[in-house]
Amino acid sequence: MSVDRGKVVLCVVLAGLSGLGLSNLGVKELGVAAKGGDPVSGREIYVNTCIRCHGIDGKGALGIKLVPPPADLTSLAVQSRLDGTLFRRIHEGKPNTAMGAWKHSLSDEEIWDVLTYVRTFGVESNGQP
Ligand code: HEC
């Protein structure tokens with residue numbers, strides 16, 4: 001009796017694990033990122049608030065001279081960071097750089113949207129979500 005129950009528990013755990021694996025795969029294949037943020041709304045926010053430093057393609061605006069320069073949002077260095085890390089960076093900004101904290105002007109939802117849009121730079125430049 002107790003053995004059977006052990007088996008059932010094991011099955012449930014395995015099913016849960018494989019379910020997680022499958023759903024992660026699905027997200028990667030679709031190139032969808034950042035907790036289902038809306039990339040269309042994200043693009044609007046990007047154009048209004050981020051483009052003047054990060055440029056239309058995320059590689060940095062022409063003619064801007066900041067020290068340090070705006071991060072190349074298409075780079076592996078940025079794109080390989082976890083969603084949570086990038087969310088925090090946009091939310092809190094980066095001390096001693098021109099990258100300000102956007103939590104005062106953007107809602108959490110808007111930050112997820114703009115982050116979802118930022119993720120599309122990675123898909124376009126290196127084929128990796
Ligand atoms: C006033 C210029 C400016 C604006 C506007 C700006 N950024 Fe930045 N951003 C920077 C700079 C400078 C850095 C690089 C800081 C560094 O050297 O790490 C940066 C870094 C970043 C990074 C990379 C952080 C990391 O982990 O390396 C992300 C992501 C980012 N910005 C997103 C955004 C988004 C999204 C917006 C619009 C909501 C935005 N930025 C608006 C200047 C700006």
Apply the Karplus parameterisation 6.51 cos²θ - 1.76 cosθ + 1.60, with θ equal to phi minus 60°, to every residue of the stretch 36-47 and state each ³J(HN,Hα) to the nearest whole Hz, in sequence, with x for glycine and proline.
x, x, 9, x, 6, 4, x, 5, 4, 4, 4, 4
Taking every pair of alpha-carbon atoms in the stretch 73-120, what share in percent sits in each 5 Å bin, from 0 to the bin with the longest distance?
5, 22, 32, 27, 12, 2
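I'd like to know how the stretch 34-126 sits against the 2.2 N^0.38 Å rule of thumb: what's its Cα Rg over that expected value? Walk me through the intermediate numbers first.
Details: Rg = 12.0 Å, N = 93, 2.2 N^0.38 = 12.3 Å.
Rounded to two decimals, the normalised Rg is 0.98.
No value in this document is a laboratory result; all are computed from the given coordinates. Only a predicted model underlies this, so the values are computations on that prediction, with no experimental measurement involved.
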